[in-house]
Amino acid sequence: MIEISSEIIKSIKKVIGPFQENENINLHEPDLIDTNANSYLKNCVDTNWVSSAGEWVKEFEKYLSAYTGAKYVIAVSNGTVALRLALHGMGVKAEEEVLIPPLSFVATANAVSHLGATPHFIDIESETLGMCPQALERRLKEIAIKKGKFLFNKLTDKRISAVIPVHVYGLPAKMIEIKKICSEWGIPLVEDAAEALGSWIVDNDNSFKHCGCFGDVGTISFNGNKIITTGGGGALLTNNERIATHCRHISTTAKIKHPWDFYHDQIGWNDRMPNLNAALGVAQMEILETIVEKKRRLYKCYKKNFQDVEIAEIIGESKNSKSNYWLVTLRLKGNLDDNLKSNILQQAHDLKILLRPSWRLLSELPMYSNSPFGDLSESFNQSKRLINLPSSPKLIK
Ligand SMILES: *Cc1c(COP(=O)(O)O)cnc(C)c1O
């Protein structure tokens, strides 16, 4: 087994190339050097526009809208907030259930809980690591019952108020199939595209459509480890004017616009992205295509160096999709020795190559261990096999 781990580490080292002994090879570092970040941030300071209003916010939203094709974009303080705001916009309330995959970052489930609703776990499929359309349909047939215009879980008597597929590690999930099921059952569709800026899927009309634009609403994160960063930040994407208007209003303290009067017509949040962060965001959007191109080359480089490694494979984008390869991911194949994964992680960390296993399944975390779930066998099968590889754009010169 030590030999197998060594073979895997050797292939990873070939991709990374030579590095200093005291240097950490991180999973994902931002790419800020030699961008316009300094000059745009200086402009904020020089003009005193550093907070939650300003031209950079508008500029960043316009840039995102042009890039993704989403008609309305709302920049907010982080990806978790974007998801919570999106769910609220779709009418998700306390004591309801939202269907999500268990293989995701904890924020997907937390955003549901922040509204007092409960995540209900649906299995993933192995090709994209995203929510499995068949598993979704099977589970709905098992538990869902229509009462009036709403759908209920007949086992818990709670309303099923949304579905959230996740584009895991930037690999586009099977949105065409998932969207079809959601429209048949009349369930709002919220896409967690936190990791998927720069990822695309071929739509029914044969053109590429950006991840996050298939659902009623989609969300993105600009946290420091994501494909581009605003320091901290997120965005909500939608083509629906009513949802956009509601979400913008409620994310800006629900204040009715007036030159001096403070009148708020409901309980709102302060979710806005500050101008400082948006200025950084514009400088990052300017290099997004270069970053995506580098990451796609990095993926190919891993793929090549692993082609003779029998026990592992590098996960590629599915047919009719284009991944940003945010985190290139290795999958261990065949009958697994229980210790192989931890052996690989230990050996790599000893060399300061900071590999990460995929997240613990959300259904296994203490706060979600009592949440409802369908058959999760593929989620368990995949999660014990997945290792994220160093994916910083700077690894490609
Ligand atoms: C990063 C991430 C989020 C949350 O974004 P933050 O900006 O960190 O709040 C949500 N969902 C997924 C899948 C993520 O990877």
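Computed from the coordinates by the stated procedures, all read-outs in this text should not be read as laboratory data. The structure presented is a predicted model; accordingly, all values stated were derived computationally and were not measured. FYI the Cβ positions are ideal-geometry reconstructions off the backbone, even for glycines, and counts take in every protein chain you see.
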Check cross-link reach from Lys319 to the aspartates and glutamates: straight Cα distance under 13 Å, and skip same-chain residues fewer than eight apart.
Glu127, Asp203
Write down the percent of antiparallel bridges among all DSSP beta bridges whose residues are both part of the chain, to the nearest 5.
70 percent
First check a/c for region 343-397, with a ≥ b ≥ c the square roots of the eigenvalues of its C-alpha gyration tensor; if it is under 1.5, answer rounded, and if not, answer prolate when a/b is larger than b/c or oblate otherwise.
prolate
Expressed as cubic angstrom per residue, what is the convex hull volume of the alpha carbon set of the chain?
148 Å³
Entries in Lys62/Lys295; Lys174/Lys322; Lys13/Lys295; Lys58/Lys294 that, when Cα-Cα distance is taken, lie over 19 Å:
Lys62/Lys295; Lys58/Lys294
Kindly provide the helix-only [θ] at 222 nm of the chain, computed as the sum of -39,500 (n - 2.57) over DSSP H runs of four or more divided by all residues, to the nearest 500 deg cm²/dmol?
-11000 deg cm²/dmol
Search the structure for amide H atoms under 5 Å from the amide H of Lys71, placed 1.01 Å from N in the peptide plane, and list their residues when 5 or more places away or on another chain.
Thr238, Asn239
Proxy reagent accessibility, fewest Cβ within 10 Å first, across Cys44, Cys211:
Cys44, Cys211
Listing Trp326, Trp185, Trp260 by rising number of other beta-carbon atoms within 10 angstrom, fewest first, gives Trp260, Trp185, Trp326
Using the Cα gyration tensor of region 1-75, with a ≥ b ≥ c the square roots of its eigenvalues, what is the shape: rounded (a/c below 1.5), prolate (a/b larger than b/c) or oblate (neither)?
prolate
Between region 219-296 and region 9-73, how many Å separate their Cα centres?
15 Å
Rounded, prolate or oblate: which one fits region 216-338, using the alpha carbon gyration tensor with axes a ≥ b ≥ c (rounded when a/c is under 1.5, else prolate when a/b beats b/c, else oblate)?
prolate
For a quick check, take a GNM of the chain with Cα springs below 10 Å and name the residue from Ala111, Ala66, Ala75 with the largest mean-square fluctuation.
Ala66
